[in-house]
Structure formats: C-alpha cells, structure tokens
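Structure first, then comments.
The values are calculated or read from the model by the stated rules, or taken from the named source; none is laboratory data. What you see is a predicted model; the values in this text were computed from it and never measured. We place every Cβ from the backbone using ideal geometry, glycine too, and count neighbours over all the protein chains shown.
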Amino acid sequence: MPGLEKLTRGRLAYGGDYNPEQWPEEVWAEDVTLMREAGVTVVTVGVFAWSWLEPRPGAREFGWLDRVLDLLHEGGIAVNLATPTATPPPWMAHRHPETVQVAQDGRRMATGSRNHFCPSSPTYRRYATSIVRDLADRYADHPALRMWHVNNEYCETCHCDISAQHFRRWLRTRYADDLDALNAAWTTAFWSQRYGDWDEIGTPRDTTYLRNPTQQLDFRRFSSDALLECFALERDLLRRRTPDVPITTNFPGLATWVPVDYRRFAAEEDVVSLDWYPDPADDDAHVSSALAFDLMRSLAGGRPWALMEQAAAAINWRARNPTKPRGLTRVQSLQAVAHGADMVCFFQWRASTGGAEKFHSGMLPHSGPDSRVFTEIRQLGTDLARLSEVVGRTEPARVACVLSWDSWWAASQEAHPANDLDVLDQLHRYYEPLIQSGLTVDVVPPDADLTRYSLLVVPNLYLVSDAEAHRIVECARSGGHLVLGFFSGIVDEFDRVRAGGYPAPFLDLLGLRVEEFCPQPEGVRLRCVSSELGDFSSDLWVDRTRPTTAEPVAVVRGGELDGVPVILRNRCGAGLAWYVGTRPDQQTLRRLLGAACARAGVAPLADPPPGVEVVRRAGLLFLLNHREHPAEIALAGSWRDVLSHGRFDDRIPLPGYGALVLRPIRDVPAASGEHSLEVVDQVPHAFEETAPGGAD
Ligand code: GAL
C-alpha cells in the first residue's frame, strides 16, 4: 500500500490548496515562483473545480488543468490531485434535482454553496465516477501526480426518498433481512413503533416528539457508510489506474459535529489527513489540537499523517475572526509535526478576492508577498526543510485514550440524564494531563489491540458491545491499568440499557455497582474528600455507587450523597482499574492521572508550565509555547536546536509562541584538548519512560 513517502521523498511535505481556476493564467507563473520562494513542495489542485472540468454534462475541459500541472511540475512542485466531487456543478441540480440533499425537516437544499449532493443518488454517483475515471486516465502518468485527494470533508446526510430506500437496504443487510431483529434492536415495542414491513421505515426526519434513538444511531452509521461507499467507488477507480499513488480524503476536524466514522474511513484509505482550524482566542486550543493529531496518528496505525488544511492567519466562519499572532502558525505547524504529521498544508495558497471565503486567509494574503503572513510562511518552509530526519518515524505510545464513534453518537442524543455531558469535552479533560506531562498518547477505538498499552484511559464509553467490553476487561486482567469515567458501559450496540446495575459489563472489573445516576443541577459543586488526592470539588454528575471489592479513593462529603464513593480503585487479575463516578475539578483529575500513570509504571517526560508542550518524536524533543508569554523549561543536559542551531544547557527559554526542536548533545574532548560537541541521536535515557511497575 503506497503511503505518504510517495509525496515526502525524505522531506516534510509543505503547501496548500491551490485553486488556479479563480485566477487569470498570468497569475499562475507568479504563483509558482512564490511557492518556490516559500519552500512549497506540494499543492492540492482541483478540489472544487467540477464546473470547470465539466461545464456541461459529459463535456471535458482539461486543457487548463494540463497547463497548471505542467507549470507546477516544471517548478518542482508535486500535485495532490483532487477529485472535484464534493460540489457538483449547477447543471446537475438543474437537470437532476433529486441529486440535491434533503434536510431532516424534509426541505430540499438550494444550490449556490457547496457539498450539496445526496450520497445515495445513483445519478450523482454516475457523474462522479465518470469525471473521476477521466481524471485518472488523463493524469495517471503525469509526473507531478503524487497523491489523490478524494472529495472534500465528507459530511453530507440526506433524508430524500432515494436515501430512505438506501437506508432500508442497509438495514436489511445489518439485520440479516429479519424485521423482528430490527424491531427488537430498535425497541419498537415502545410507543407503538413496531414495523410490519421494511417499506414502513424511513430516515429519522422531524417528528412530533422524541425520535427513536436506535433509528437515529443506525441512520448515523448508515450515513457514514453511504459516504464511505462514495469514497470507495472513487478510490477503486483511481487505484486500478494508479496503484502506486496514495489516496486520501481530508477529515473535517474533531468537533461536536463529526459526521463520519473516521476509523472506518481510515481503514479504507492510504493516508490519513485532517483539516484543522484551532481558535486563536482559545487558550487551550493546543490541547484539542494535540488530541486531534494523536487521533490521526493512531488512525494511521502509528504511521505519519497529513495536516491537509489549516489557516495561515484568520478564518472567516466564527463570530469573530482574529488573525493569528506572530509565531502561532509556526508553533501550530510544528505541533502537528511533533505529533506525527509528515505533511503540513494550508487552505489555501492565494487568498480569494471574491466568493464566500474572500476574508479567509491564504498563505499568500491579499496584501501580497511583502507581508507579515507571507514572511512567516517562508520561514515555516525553511523550518520544515530542516526537519527531514523525522520523516517516516513516529513515537510509540504506552498510554491510550479510548474513543468510539458509535458511543459518541449514541451519547450525544437527547433525553439522557445530563444532556450537557459532552463526550469530546470529557475526553479532552482526561487527555490534557497526559500530554501536559509529555507522554505520547494514542487515541484508539475499544476494539483495538488494547493489551499493548500500560495505561488505558476511557473517559466515556456509554455504548459498548460485548466484544469491546471483553477487550477492555482482558486488557486489565492481563496486567494493564485502566481509568474508566462515569456513564460508561451503560448500553449495548443497539442503545439498549444493560440492566442489573451499571456498568454491567464492568461490575467485576471495577468491584462496584452503580445503582443510580445523580446528575447535579447546573452550578452546583459537590465537596469530595480523599486522603490520597486531597479534598476537591466536582460537578455535573455523581454515581450512587456501592463498592463490592473496590477501595474508595474519594467520597462525597455533605448533603444527601454524603459518604458515596466517587473515585474507586480495584485490583483485577494482574491489573488495576480506577473508576471515576463524578466530574472532578481539573487539578484533581491531573493528580488522579498522575497517580494512575505512576502505578502503571509510566513516568512523565516533562513538567512544563501551562501552555507549553514537550513532545518527543524520532529522538528529538519539540518544545512548543502555545501562549504569548515567555516561558522557561528545565531540561537537564545540553541541547542543540535543529531549527536555529542554537545551544541550550539545562534551562531553556522559550519566547511567547516560540518553538524549539532539540537534539541532545554531549561535550566530548577533542584531540586538540578543546571541547567539541558530539551529537547523539537518541534522547538520553533519563527521558525514557520507566518499565511497567506492579499494581501497587
Ligand atoms: C474547510 C474546507 C476548505 C475551506 C476551509 C475554510 O472546511 O475544506 O475548502 O472552506 O474549510 O476554513
């Protein structure tokens, strides 16, 4: 299977989306000159160019694209060639209105924006495969072609009649043509929803009151699969024609709205890639970034991934869109590299002067090359060119956080005990202390090989299948350590409660039984006491827990829940399981995870000040200051910054938004008696994590 190495060829790939169809041809030559000046090695071409390639049904206009690819190739710039299928041309909607998406309320979308196709439409699929086949035939042998970029940010869901038919076909496969099985899975005995014929089933459109949760969950799964079918159709065509060219599709971030199951997509593509737009106004954006980046590396099976899009300065789609302060783009890009990216790209090369994104920054801003933004883009090109030694290498992790798409989708539904329980926020809270201490953390699904990890952190796993639960239990029994957050193990894969005490699949593992959920009113903080972690406060949620074999680590003090244990620990086989039945303040969660790491034999790499990250990759230490204030990091030894060649000893100053990539060096007496510096290629042993310890 070809990977990113086809594109990197020993050097970090650098560039952005290039939309030459927005510019007169005279500008193209200048683009290539400036790309070279900026150190750009690759551009993504043609993402939204369908109406330029096929102005009329069946027509082909490839001449302009030929010239663009030739020009780029002459300039030594590789091409990540996009299929234009995210946005069908206006003629398609005009001639075939059924190719346009229908929203949950039954309204058909209008055209005039983008991403408006119905993934189930045979007409859309026919036109899409036809243009993709012709693109592949035309450019298969073009020397600039180094990667295929399929579609853009798959995210469409559709409630039209064609989609409903497709949904029913998907359901018949899922439930092996057994309508009784579907009725049981969807609990249709409730509210007289029992289906007597497959044709009675629709997509979960707007209803008078609460909708069936399993119908909604299955629709999410189906919608993701329908898009995956679209991806696979294109991929198969491209792969047949160019088996050596890697294929990717760019994932649309990691926010509350994640429409497709990345794990299933990642398994079908050659390269995992992400679009990422951290909010410059968010002081903790770097934690979300690290989390998304670690997820990408994990989805890629530990191989390098691609940062396909980010902004060089401001974006245009939040309520306020501040520019990025000087240095922030650099530190964010290096952060992606530190977490395993081998490709750092932007949306887009040249800022548009018209259209919906004319106030979205580009690498080349409206003000031209003589600008702060372009100067930083050039600098970044130089920095990335100095980091070739990391290419193709990533850091193995001994700690993993678990994230399940099915569970996330199910937990995000309405009519739950606390509808403001946010799975991503919960993950973020548990993940933050881990990266703050410099650990490499994988983010894996519950059916991954979990026994590889010394510590498994499961912030929330509301929905768990029997097989997944079994893997988690086995991980602990075989000596792994586990931290499990509340409202986990509650329902099966059909979103049906597992009765008999929560969390049913983990009762023995945890040595406790949760009798009742006690979500707390907004603003209420509970007092909890713990001799081990110190007293603390918690909010949002408390489980009424009864330990069987577990040892209480913290209990509620005062009020109706006085004495209820909220943090517990239980030995399980050779491993140790922690249960967190509330939402402790962040300081306490840090202490708890510190204790869990220590017991699992995972030593922290560093203890930098807040906002500073220390990340290890390929024998180098990335020191990243994500905030505007200068910081100082204590790191015993002598170090050389690979980017500036500066030398540092023991205490390392980092300016606001500063970044260093350090290689350890040691002083070696030269024959002349003078001292010279010998470079060692590994981070010294002191920075290695310790071996796994016992359960004590
Ligand atoms: C992405 C998209 C790009 C551009 C960008 C703006 O979602 O793939 O084409 O619209 O957002 O931030």
Matching residues, the stretch 620-637, being more than 24 Å from the chain's Cα centre (by Cα) and either modelled with pLDDT of 95 or more or of a type in the set (A, V, I, L, M, F, W, C) (or both): Glu628, His629, Pro630, Ala631, Glu632, Ile633, Ala634, Leu635, Ala636
Verdict on Arg498 being touching a helix residue (DSSP H, G or I) at 6+ places or on another chain (Cβ under 8 Å), of a type outside the set (A, V, I, L, M, F, W, C) and under 23 Å from Glu551 (Cβ atoms): no
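Considering only residues that are among the aliphatic types (A, V, I, L, M), within 16 Å of the ligand (Cβ to nearest atom), outside any loop (DSSP other than H, G, I, E, B) and within 22 Å of Asn80 (Cβ to Cβ), which ones fall in the stretch 284-321? Talk me through it step by step, then tell me what you get.
Residues of the stretch 284-321 that are among the aliphatic types (A, V, I, L, M), as a first pass: 285, 287, 290-292, 295-296, 299-300, 306-308, 311-315, 319.
When the remaining residues are screened for being within 16 Å of the ligand (Cβ to nearest atom), the result is 285, 292, 296, 306-308, 311-315, 319.
In the following step, the residues that additionally are outside any loop (DSSP other than H, G, I, E, B) were identified as 285, 292, 296, 306-308.
Result: Ala292, Met296, Ala306, Leu307, Met308.
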Residue within the stretch 466-478 that is in a strand (DSSP E or B), assigned by TED's automatic domain parsing to the domain that holds Ala596 and modelled with pLDDT of 95 or more present: no
Residues located in the stretch 240-267, provided they are within 16 Å of the ligand (Cβ to nearest atom) and either at positive phi or within 11 Å of the chain's Cα centre (by Cα) (or both): Asn250, Phe251, Pro252, Gly253, Leu254, Ala255, Val258, Tyr262
Any hit, the stretch 383-397, residues being within 16 Å of the ligand (Cβ to nearest atom) and either under 21 Å from the mean Cα position of the chain (by Cα) or surrounded by fewer than 21 Cβ atoms within 10 Å (Cβ to Cβ) (or both): no
Residues being buried (at least 23 other Cβ atoms within 10 Å of the Cβ) and over 14 Å from Tyr18 (Cα atoms) - total across the stretch 345-375: 1
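Could you identify the single residue in Ala136, Ala164, Ala176 that is closer than 30 Å to Arg95 by Cα and surrounded by fewer than 21 Cβ atoms within 10 Å (Cβ to Cβ)? Walk me through how you get there before you give the answer.
Values: Ala136 fails: surrounded by fewer than 21 Cβ atoms within 10 Å (Cβ to Cβ); Ala176 fails: closer than 30 Å to Arg95 by Cα.
Checking each option against the conditions leaves just Ala164.
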Hits in the stretch 312-338 - residues which are of a type in the set (Gly, Ala, Ser) and either surrounded by fewer than 23 Cβ atoms within 10 Å (Cβ to Cβ) or in contact with a strand residue (DSSP E or B) (Cβ under 8 Å, 6 or more places away or on another chain) (or both): Ala312, Ala314, Ala319, Gly327, Ser333, Ala336, Ala338
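Quickly run through the stretch 112-127 and pick out the residues that are surrounded by fewer than 19 Cβ atoms within 10 Å (Cβ to Cβ) and touching a residue at least 60 places away in the same chain (Cβ under 8 Å). Before the answer, list the steps.
Going residue by residue through the stretch 112-127, those that are surrounded by fewer than 19 Cβ atoms within 10 Å (Cβ to Cβ) are 112-115, 122-123, 126.
Answer for the stretch 112-127, where residues must be surrounded by fewer than 19 Cβ atoms within 10 Å (Cβ to Cβ) and touching a residue at least 60 places away in the same chain (Cβ under 8 Å): Ser113, Arg114.
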Residue selected from the stretch 12-53 under the condition assigned to a helix (DSSP H, G or I) and among the small types (Gly, Ala, Ser), by the criterion farthest from the ligand (Cβ to nearest atom): Ala29
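Evaluate the following for Ser120: is it small (Gly, Ala, Ser) and assigned to a loop (DSSP other than H, G, I, E, B)? Write out each step before concluding.
Working: small (Gly, Ala, Ser): yes; assigned to a loop (DSSP other than H, G, I, E, B): yes.
The answer is yes for Ser120.
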Residue tally, condition within 16 Å of the ligand (Cβ to nearest atom) and at positive phi, over the stretch 92-139: 2
The stretch 517-537: number of residues that are touching a Ser or Thr at 6+ places or on another chain (Cβ under 9 Å) and in a strand (DSSP E or B): 5
Test: Val642 is outside the structural domain of Glu532 (by TED's automatic domain parsing), more than 27 Å from the chain's Cα centre (by Cα) and modelled with pLDDT of 95 or more: yes
Any hit, the stretch 338-347, residues being part of a loop (DSSP other than H, G, I, E, B), modelled with pLDDT of 95 or more, under 24 Å from Arg627 (Cβ atoms) and within 12 Å of the ligand (Cβ to nearest atom): no
Candidate set: the stretch 498-516, residues that are out of contact with any Cys (no Cβ under 6 Å at 6 or more places or on another chain) and assigned to a helix (DSSP H, G or I); chosen: the one surrounded by the most Cβ atoms within 10 Å (Cβ to Cβ): Leu510
Wholly enclosed strands (runs of 3 or more DSSP E) of the stretch 538-611 bearing at least 3 residues in the same structural domain as Phe486 (by TED's automatic domain parsing) and buried (at least 22 other Cβ atoms within 10 Å of the Cβ): 565-572, 575-580, 582-584
